[in-house]
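What follows is a single structure, written as structure tokens, with notes after it.
The values are calculated or read from the model by the stated rules, or taken from the named source; none is laboratory data. Because the structure is a prediction, the values reported are computed rather than measured. Cβ coordinates were reconstructed from backbone atoms using ideal geometry, including for glycine residues, and neighbour counts include every protein chain displayed. These accessible areas exclude ligands, DNA and RNA; they are computed on the full protein's heavy atoms, side chains included. Shrake-Rupley method; radii C 1.70, N 1.55, O 1.52, S 1.80 Å.
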Amino acid sequence: MTVTRDPVCAMIVDPDAGKPHCDHDGEAYHFCAAGCRDKFMADPKTYMTAGDPVSGATVVRATAEHVVSHAGARYFFETPETKATFEAAPEDYAAPVTAPAGVKYTCPMDPEIITDYPADCPICGMALEPMMPSLDDGPNPELVDFRQRLWLGAPLALVVFVLEMGSHLGLPFADWLGPAHQWLQLALTLPVVAWIGAPVFRRGWSSIRTGNFNMWTLIAIGVGAAFAYSVLATIAPALFPPELRDHHGRAPVYFEAAAVITILVLVGQVMELSARERTGDAIRALLSLAPKTARRITDAGETDVPLDEVRTGDRLRVRPGEAVPVDGIVTEGASSMDEALLTGEPMPVPKSVGDAVTGGAVNTTGSIIMRAEAVGADTMLSRIVAMVTAAQRSRAPIQSLADRVAQVFVPTVIAIAVLSFLVWLALGPQPPLTYAIVAAVSVLIIACPCALGLATPMSIMVATGRGAQSGVLIRDAEALERLARVDTLIVDKTGTLTEGRPTLATIETVGAATSEDVLALAAALEAGSEHPVGTAITDAFSGTPAPVGAFEAITGKGVRGTVQGHAVAFGNEAMMAEAGAMIGDLAAAADAAQARGETAMFLSRDGGLVAMISVVDAVKHTAHAALAALQSDDLRIVMATGDSARTAGVVAARLGLPEVHAGLSPDGKAALIAELQRQGRTVAMAGDGVNDAPALAVADVGIAMGAGSDVAIESAGITLVKGDLTALVRARHLARATMRNIRQNLFFAFVYNAAGVPIAAGILFPVFGVLLSPIFAAAAMSLSSVSVIGNALRLRKAKIG
């Protein structure tokens, strides 16, 4: 039967298994996944044939019988001879390793390793992965390679195992086959160790050569020692003492240990790589939100264009059921948007003219026309994906514990293996050499630190993906760890506890000034402002703002400038004091406004008080429940705002917050956080404005509202996509669940090694007569990694909201 391969990833495919397929030029092509089929259909010529790098002959990729994966690339061969020639010296025939333009590769466990091409990590030996995932990525080449090696090697290892263990099952193969028994095991084990297990020895040798000892160091030494000893025992049994040989003159061999250990290592790697692919499900789900095309409106009509051709300012139509292609503003129509995968909130959000829409949100009802405001890497969806991938590669401080252990762990294990060998050789029962080899190899295999290395990164990868699906963006693992330890939360008022969209409430004037005059002067000063109060003033003014000269914004106080030849200032009492205006005539009106929960501002012209203007900002309807949930979690919550004490007090009373610090400048908020930290508190700060950036940076954990300013988001470790404090409750629960999960993983890893190494060394033998087989040691080693992976994946289903 002719081999049928996926022409993209070279994986063997059963044509009758219902996998994706397509026809091209009269030929049927079968694929292991839809991603491979899509890549083939986009550029079939690239994947139809390949050149044999040794002979230069043309090989049909879909029916090639001889394939080798090397440095992340696949090579196809005309004959087994050219394949063997390549494998003997791949560097002589392999093409220079290249990657798509701009693609960087990094190690999921050692993110400091970054290259322009796929390779093995020089520290841990794992295959490097693209830093930025893509829906166009096919199956993981390393996973495909390891699976194929496993399928080919497992039957050979099984036969070797049966041949060696047959006597225990009533099948004395050793007596039946005579001298051919060990030679047959050698013939079957050689391809398993030399070819199937080639990645093990390549990575093991690399670790020894560079001094970066890791799991591959121990496996390579253990398997290599067992195989080399067995080969020598088969070829020259006379070299061994008579008491070691059986009645046929044969010395014992451990081919079954070398073969089965190699296969068990591959089983563990396949399970680990498969689990790591599942940790990327959240990112792939986010990437899939963006449509492939957008419907652009021009003077010539409407046409569907590829998403990468959309430019800022383009007018786009979004029909019911379609995903919003990029970030923008609704210019016509009204609808509701399902933003669940972006914000974690299940209820559709109403959108009408002037409202912002986010790329990836699904238009549920009406048709809208929008203006593109952010495209490509600048969209919220792209920024979310970038932040999540960066967070998955980051290291939590708790990882340093595992790192310190790993630095001395491998050399210590090698020393214990050598000591075990010598002790058994000197004191063990007959034949001592057999016991010594079994003990030393078992120690090397069972102590592989893969579980220790996976304990933290796997949990972080799963948690950051889970957070992204719940509307919580985590900048790095350190922020997540610190959030779990936070005991004090500082919250800004405007935009955090309130909607951040204040509206004009009252205008009280002095003298002959009219409300229209006052509003015109204030709107002129606030025309270029992004502050919520300024937006409320300009929204209430229906005319064209007058030009302003000598404009100046005083952080925490207000704005001033020259309007129509007059020196005008608009802001709080401190601003009026700088302008030389007395607020006595309007103090009572300001007090009344503040008692209603409104923010009172004053306007002066040429040093004289003109008016008091108040705006009102509604409290978010979810704020009270979110704060109550956080308080029930033993979190001390403090409101810190630049607003007046009266206004802040009213809002705090509504929300049940007993501790309020009002009238604070940006530096004042930062100073408050520093003081709490000096008292031994671990402080988080939640805010959304430019003036919150200093405090967000000073806090142990900065929490930015997703609807806030870019500078606030850049200063924060956690971003709540929707800007809703209920997401902070989810973030807090996720952080605690993650740290609990990491501690469990580290416990599994440490306890496993603490118990496994002494047992493998033979501590139970004097009492129970039990010496652990290297095969069982390999199975236990793989099981430890599986337990860590399985425990980390539980975070995907953890209840956090």
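Sorting 216, 183 by accessible area puts them as 183, 216; the probe is 1.4 Å, largest comes first, and only protein heavy atoms count. Hey, rough spin-label estimate for residue 794 and residue 209, points 7 angstrom out along Cα→Cβ, what's it come to in nanometres? Each label point lies 7 Å from its Cα, and together they span 4.2 nm. You can think of it this way: the chain between residue 743 and residue 485 has 91.5 nm of extra reach, that is 0.36 nm per residue less the Cα-Cα gap. Here's the picture: charge each Lys and Arg Cβ at +1 and each Asp and Glu Cβ at -1 in the chain, and of 183, 271, 737 the one pushed furthest to the positive end of that dipole is 183.
Peptides 478-486, 750-758 ordered by packing proxy, namely the average of other Cβ atoms within 10 Å per residue, highest first: 478-486, 750-758.
Compared with the dominant Cα axis of the chain, that is its longest principal axis, helix 180-191 is turned about 30°.
When the residues 624, 30 are ordered by accessible surface, computed with a 1.4 Å probe over the protein chains alone, the sequence from largest down reads 624, 30.
Distance between the modelled labels on residue 104 and residue 79, one decimal in nanometres: 4.6 nm (7 Å Cα→Cβ projection).
In terms of distances greater than 26 angstrom between alpha carbons, the cross-link table entries 620/669; 19/799; 351/797 yield 19/799; 351/797. Helix content alone sets the calculated 222 nm mean residue ellipticity of the chain: runs of n ≥ 4 DSSP H residues at -39500 (n - 2.57) each, divided across all residues, give -14500 deg cm²/dmol.
Counting only protein heavy atoms and using a 1.4 Å probe, the accessible area of residue 408 comes to about 90 Å².
Given +1 at the Cβ of Lys and Arg, -1 at the Cβ of Asp and Glu and no other charges, the dipole of the chain around its Cα centre is 2080 debye to the nearest 20.
When the solvent-accessible area of the chain is split by element, carbon and sulfur atoms take up 59 percent of it, the probe being 1.4 Å.
Full extension of the segment from residue 754 to residue 165, taken as 0.36 nm per residue of separation minus the current Cα-Cα distance, would add 209.1 nm. For the chain, the longest principal axis of the alpha carbon atoms and the long axis of helix 666-678 meet at an angle near 50°. Taking all protein chains together, 732, 245, 740, 61 sort by accessible area into 740, 245, 61, 732, largest first [probe 1.4 Å]. Sorting the segments 698-705, 206-213 by their mean number of nearby beta carbons within 10 angstrom, highest to lowest, gives 698-705, 206-213. The residues of the chain have, on average, 43 Å² of accessible surface per residue, using a 1.4 Å probe with all protein chains present. In region 601-679, one over the average inverse separation of all distinct C-alpha pairs is 14.7 Å, which is the Kirkwood hydrodynamic radius. Applying Stokes-Einstein at 20 °C and 1.002 mPa s to the Kirkwood radius of region 550-613, computed over alpha-carbon pairs, gives a translational diffusion coefficient of 183 µm² s⁻¹.
Highest mean packing first, where packing is the average number of other Cβ atoms within 10 Å per residue, the peptides 254-267, 559-572 line up as 254-267, 559-572. Sequence-ordered 3J(HN,Hα) estimates for region 262-269 from the Karplus curve with 6.51, -1.76 and 1.60 and θ = phi - 60° stand at 4, 5, 5, 4, 5, 4, x, 5 Hz, glycine and proline given as x. Quarter the surface of the alpha carbon convex hull of the chain and you get the mean projected area, 43.3 square nanometres.
Roughly how tilted is helix 141-165, in degrees to the nearest 10 and between 0 and 90, from the longest Cα axis of the chain? Compared with the principal axis, the helix lies near 30 degrees. Stretching residue 312 away from residue 92 to a fully extended chain increases their span by 74.3 nm, per 0.36 nm per residue minus the current alpha-carbon distance. Only protein heavy atoms count here; under a 1.4 Å probe, residue 41 has an accessible surface of about 120 Å². Here's the picture: charge each Lys and Arg Cβ at +1 and each Asp and Glu Cβ at -1 in the chain, and of 166, 602, 623 the one pushed furthest to the positive end of that dipole is 166. Using the Cβ-Cβ distance between residue 618 and residue 23 with R0 set to 60 Å, the FRET efficiency from 1/(1 + (r/R0)^6) comes to roughly 0.50. Placing a label point 7 Å from the Cα of residue 176 along the Cα-to-Cβ direction, the residues of region 146-168 whose backbone N falls under 17 Å from that point are 158-168.
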